[in-house]
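Chemist: The structure under discussion is supplied below as structure tokens; questions concerning it will follow.
The values are calculated or read from the model by the stated rules, or taken from the named source; none is laboratory data. Predicted model only: the values in this text are computed from it and were never measured. Heads up, the Cβs are rebuilt from the backbone with ideal geometry, glycines too, and the neighbour counts pull from every protein chain shown.
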Amino acid sequence: MSTEIYYFSGTGNSLYVAKELQKRIPDCSLIPMVSLLNKEVIQAHSKSIGFIFPVHALTIPLAVKIFLKKIDMNSAEYSFAIVTRLGIIFRDFKKIDKLLKKKNKHLDSHFILNMYSNDVEDKHYKNPTEADILKLEAVVQERLNLIQDIIVNKKISRGKDSDYLIALPYNRPVNYLLEKLVHLAMTFSEYTGGVDYFCSDSQCTGCGICEKVCLSQKIKMIDEKPVWQKKVICYMCYACINFCPAQSVQINNMPGVVKSYTRINGRYPHPYAKVKDITGEKQ
């Protein structure tokens with residue numbers, strides 16, 4: 001393949017972008033990052049290599065960070081990254097460059113696409129209508145046409161984020177603290193005497209979909225109920241909460257009280273992403 005695109009997607013936004021970009025780039029393959037994380041070294045083979053993933057707490061997801069530390073990019077002559085986000089300003093392409101610098105590589109181009117959020121715990125969350133999704137999709141499609149031209153012709157595109165909806169002042173200690181808080185949530189149960197960040201309520205039907213879509217394989221079905229294993233890191237992809245057909249999966253507050261908004265805000269898996277698509281990332 002002349003181009004390899006490695007992607008990480010919990011509820012489908014980044015997967016949608018990866019599939020749409022693959023249609024535009026000749027001789028292009030899609031490879032899920034999660035399927036390779038158990039390797040000591042991840043060997044890339046193409047001259048053009050891309051990474052597509054969502055923004056997590058203003059930075060790159062833990063799974064993507066692990067992936068970038070392991071990938072061997074000696075074959076690469078051109079590299080790019082695309083991040084999907086709700087709209088909060090993103091500044092951490094430099095973090096990717098820092099990881100790639102150890103391999104004598106850097107991003108030649110990077111891009112940001114605004115899409116709908118899967119963070120249903122937010123009290124201001126609004127579940128998008130079909131019209132909302134189609135309107136945003138039209139913008140994404142237009143942007144992808146421009147991105148395709150840049151990638152195929154191996155142009156340099158490293159502009160600053162100018163399409164954000166929410167601006168936050170840059171503060172390195174604050175950004176560092178946010179990242180650490182996310183990592184704490186990933187191992188929440190180990191620090192709170194058994195209270196997990198995620199939980200299921202009485203609406204659970206025991207269907208096992210949460211286990212199937214869990215990208216870190218933290219969830220195991222025991223006696224027809226999901227159990228978030230304490231010794232397994234969570235990737236915070238929110239697949240379990242957004243793909244649960246009974247909307248049974250909830251988010252705990254620190255004291256172990258379920259956040260009320262997760263019960264009333266609905267759910268957001270990308271309309272083109274199915275359970276089998278997310279499950280397939282682990283294979």
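Chemist: Do any strands (runs of 3 or more DSSP E) lying entirely in the stretch 198-283 carry at least 2 residues that are more than 19 Å from the chain's Cα centre (by Cα) and farther than 28 Å from Leu30 by Cβ, and which ones are they?
Modeler: Here the list reads 198-200, 219-222, 225-228.
Chemist: Find the residue count for the stretch 23-79, including only residues that are of a type outside the set (A, V, I, L, M, F, W, C), under 19 Å from Met115 (Cβ atoms) and in contact (Cβ under 8 Å) with a residue 40 or more places away in the chain.
Modeler: Qualifying residue count, the stretch 23-79: 7.
Chemist: While we're here: Do we find a residue being within 14 Å of the chain's Cα centre (by Cα) and modelled with pLDDT of 95 or more anywhere in the stretch 102-112?
Modeler: Within the stretch 102-112 (the criterion being within 14 Å of the chain's Cα centre (by Cα) and modelled with pLDDT of 95 or more), the answer is yes, since at least one residue qualifies.
Chemist: Evaluate the following for Leu113: is it under 19 Å from Pro54 (Cα atoms), surrounded by 11 or more Cβ atoms within 10 Å (Cβ to Cβ) and either in contact (Cβ under 8 Å) with a residue 60 or more places away in the chain or not assigned by TED's automatic domain parsing to the domain that holds Lys69 (or both)?
Modeler: yes
Chemist: How about the stretch 9-103: which strands (runs of 3 or more DSSP E) wholly inside it have at least 1 residues that are polar (S, T, N, Q) and closer than 26 Å to Leu177 by Cα?
Modeler: Numbers: elements: 28-32, 48-54, 78-85.
Hits in the stretch 9-103: 78-85.
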